[in-house]
Amino acid sequence: MTGRQSTNSKSTLAKSTRALEKKHVTLRAKFQEQNEYLEITLAVRQGVTTDLQAKRKQVPELEREVARLTLAMSKWCEFVELVAAHEAERQLHALG
């Protein structure tokens with residue numbers, strides 16, 4: 001190999017090395033960005049999962065509350081009907 005060929009080879013090698021180093025930096029930055037995105041995604045997923053589990057635990061309690069309120073409303077309606085019937089009866093006696 002001549003001196004000129006050696007210089008050209010060194011120059012080509014240096015250019016290739018710089019290009020590879022640039023690619024390495026770019027890929028490392030992309031990797032870091034993707035890694036951060038993944039960490040955020042996992043944190044959000046964990047938060048959503050935790051929230052879902054908490055809400056699932058609330059369902060039976062809310063169902064019991066709905067049943068209790070439905071029963072209370074039913075009794076209230078019966079009471080209102082009874083009061084209305086007594087009032088109607090009282091008015092009939094007052095007229096008669």
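All of the numbers you see were taken from the coordinates with simple rules; none came from a lab. Keep in mind that this is a model prediction, so the values were computed, not measured. Cβ atoms come from the backbone with ideal geometry, glycine included; neighbour counts cover every protein chain shown.
Some points to look at:
- Qualifying residue in segment 87-96 (condition: of a type outside the set (A, V, I, L, M, F, W, C), part of a helix (DSSP H, G or I) and under 34 Å from the mean Cα position of the chain (by Cα)): no
- From Arg28, Arg4, residue being surrounded by 10 or more Cβ atoms within 10 Å (Cβ to Cβ) and at negative phi: Arg28
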